[in-house]
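Q: Structure incoming, see below.
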Amino acid sequence: MDTIHLLVLSPKPRLYGEVKSLLSSGQGFQIHHLSSLQDTIPSEISDEFPIILVDLDSLETNHDHLLSLLKNTFPGLSLIGITSQEKTQYQPNSEIFLVEQNSLATPLFPAFLRIVHGQKKLIDNYSRVQSSLNQRISELELIRKASLSLTMNLALDAVLEAILDGAMEIVSADDTHVFLYEHGVLTFASALFGGQQQSKAFMDPRPEGITYQVARTGKKIVVNDTTKEPLFDDRPWEGSITSLPLKIGQKILGVMNVALKRAHDFSEQEIQVLEFLADQAAIAIQNAKLYEQAQQEIAERKKAEKAIKHLANHDALTGLPNRRLFNERIQLEIARSERSKQKFCVMLFDLDQLKAVNDSYGHDIGDLLLQAVSQRLLALLRKSDTVARMGGDEFLLILPEMNHTEDAIQTAERILVALNTPFLLEGYQVNISTSIGITFFPDDGREMNQLLKKADISMYQSKQKGGNVYHIYTD
């Protein structure tokens, strides 16, 4: 049977003596006495569920005020007011039981005290359970929020921030760190201290320190007081820390440190919640890495596809559109010009002396010459124009909106001058000329093959004139 401690608060020793005689120690009661609240409080009153019997008739003070003083002095205790007057006279606060003094001698009084004591125990147990339940609900809500953040984010930075925020809230930590572990080496990933996410670690992990030990063994380390932990002998500091592995199966992905700037006894429940968060964090980090890897592979594949598509549509040596892309563009220009009722021009030309350049200086210089020719053509043409290399030394041009023959002639003359200007290639001065054949849509044809055939005829006629000239197709 539990011993029930009773404190009789009365300036009259008679009431204390009466209660003591009524409740012998053999009945499981321990009686204490105070004449006033100014007296020294017995040390035994630290008992978990004591009861105070208050002499309401003899204590000269307002009863509501007295009740407030008692509640402040003895928080959480059961109060019983003893009075010889009508209970209704006092209209006391509901937190005090009222008992008439003449009822103390009844056989039911000890049972009443035990009921009060038991009721108080039940209330306090309920409060503790409710407090524990509320704490558990709060922790589960933190886990839910952290898990939601982790599953919603695939970017590694966002995942790390969610991990750190969750760990900080669970134990009201001062700082948290995440280090990633790969090939036996820890690298800083993210940190949270001073209320903000940090771009560098508060301290670098020591080769024989707590973080590396957790990374190597895959087992958590809990230090409630760093001043008593040999792991910190070479780097002393006051505080507490929990270091947890972030792992999937036996694979260690990293380590999470949760630290406080004071000694702290990490509870089993705190550790369980942190371990659950660490498990979620490991999965999220793995997913983030896989997502990052997938994104990189997608980017590389797109880059390769783009390069392949470019190679399929462009000349490998000069980078100009090839015959395939030229065909697409001239078909688009035919359709556009038919809608707008405008003319466009097609020019075909080749380099008159390319064979001689290859024979005299080698094919490497010949290739440089073709690249230099391409750059000069691009520099003097409009953005809307298309210059394509058909292969060898042959080039084709599409010049939209050439409604006046004079405009095409001016362009042809600029090309002749540009290509007739000497090229300086690898120390060699190379001189060439070109022969240009010119046709117009729709005057010389409404189909691509017609236009190209007549442009070829015109270019041949230019060569017949000795080269370095243009010729406009005529029937």
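Q: In degrees, nearest 10, range 0 to 90: what is the angle between the Cα axis of helix 63-73 and the longest Cα principal axis of the chain?
A: With both axes taken from Cα atoms, the answer is about 60 degrees.
Q: Percent relative contact order of the range 153-291, based on C-alpha pairs within less than 8 angstrom and at least six residues apart?
A: 28 percent
Q: Total Lys pairs in the range 323-472 closer than 26 Å by alpha-carbon, pairs eight or more apart in sequence or interchain only?
A: 17
Q: What whole-number distance in Å separates the alpha-carbon centres of the range 215-290 and the range 292-369?
A: 59 Å
Q: Treating cross-link reach as a plain straight distance, find the aspartates and glutamates whose alpha-carbon is under 16 Å from the alpha-carbon of Lys120, omitting any fewer than eight places away in the same chain.
A: Asp2, Asp47, Glu48, Glu95
Q: Another question, if that's okay. To the nearest 20 debye, what is the magnitude of the charge dipole of the range 323-472 about its Cα centre, counting +1 on the Cβ of each Lys and Arg and -1 on the Cβ of each Asp and Glu?
A: My answer is approximately 440 debye.
Q: Among 241-253, 213-225, how do they line up by average Cβ neighbours within 10 Å per residue, starting with the highest?
A: The peptides rank, most packed first, as 241-253, 213-225.
Q: For a protection proxy built on the mean count of beta-carbon atoms within 10 angstrom, sort 429-439, 113-123, 408-418 highest first, please.
A: By packing density, highest mean first, the sequence is 429-439, 408-418, 113-123.
Q: Quick check: the angle from helix 448-464's long axis to the longest principal axis of the chain, C-alpha only, nearest 10 degrees?
A: Approximately 50 degrees, to the nearest ten.
Q: Oh, and also: Please list, in order, the residues from the range 250-272 whose amide nitrogen is less than 17 Å from a point placed 7 Å along the Cα→Cβ vector of Trp237.
A: 255-264
Q: OK, next. What residues from the range 323-345 fall in the zone where the backbone N is under 19 Å from a label point 7 Å along the Cα-to-C-beta line of Arg414?
A: Zone members listed by number: 343-345.
Q: List the lysines whose alpha-carbon lies under 21 Å from that of Lys251, not counting same-chain residues fewer than 8 positions away?
A: Leaving aside lysines fewer than 8 places away in the same chain, those within reach of Lys251 are Lys219, Lys220, Lys289.
Q: Along the positive direction of the dipole of the range 323-472 (beta-carbon charges: Lys, Arg +1; Asp, Glu -1; about the Cα centre), which of Ser433, Leu325, Ile365 reaches farthest?
A: Of Ser433, Leu325, Ile365, it is Leu325.
Q: Using a cut-off of 18 Å between alpha-carbon atoms, which lysines can reach Lys261, once sequence neighbours fewer than 8 places away in the same chain are excluded?
A: Lys228
Q: To the nearest 10 degrees, how steeply does helix 323-340 sit against the main Cα axis of the chain, on a 0 to 90 scale?
A: Long axis of 323-340 versus the principal axis of the chain: about 90 degrees.
Q: The list (i) 47.5, 144; (ii) 24.1, 74; (iii) 22.3, 69 gives values of Rg and Dmax of the Cα atoms in Å, and only one came from this structure; which label was calculated from it?
A: (i)
Q: Related question: What relative contact order, as a whole-number percentage, does the chain give when Cα pairs under 8 Å and 6 or more residues apart are counted?
A: Reported as a whole number, the value is 8 percent.
Q: Turning to a different aspect of this structure: Could the peptides 278-286, 260-268 be put in order, highest first, of the mean number of other beta-carbon atoms found within 10 Å of their residues?
A: 278-286, 260-268
Q: Here's something else I'd like to know. In deg cm²/dmol, rounded to 500, what helix-only [θ] at 222 nm does the chain give when every DSSP H run of at least 4 residues adds -39500 (n - 2.57) and the total is split over its residues?
A: It lands at -15500 deg cm²/dmol.
Q: Report, in debye and to the nearest 20, how large the dipole of the chain comes out about its Cα centre when Lys and Arg carry +1 and Asp and Glu carry -1 on their Cβ.
A: With only Lys, Arg, Asp and Glu charged at Cβ, the dipole is about 1280 debye.
Q: Another question, if that's okay. Compute the distance from the alpha-carbon center of the range 177-212 to that of the range 407-464, in whole Å.
A: So the two Cα centres are separated by 67 Å.
Q: Considering only DSSP beta bridges where both residues belong to the chain, give the percentage that are antiparallel (nearest 5).
A: 70 percent
Q: Further question: Subtract the Cα-Cα distance of Asn125 and Ser267 from 0.36 nm times their separation in residues, and report this length gain in nm to one decimal.
A: 49.2 nm
Readers should treat all values here as calculations from the given coordinates under stated rules, not as data from a laboratory. Predicted, not measured: the structure shown is a model, and the values here were computed from it. Using ideal geometry, Cβ is built from the backbone for each residue, glycine included, and neighbour counts are taken over all protein chains shown.
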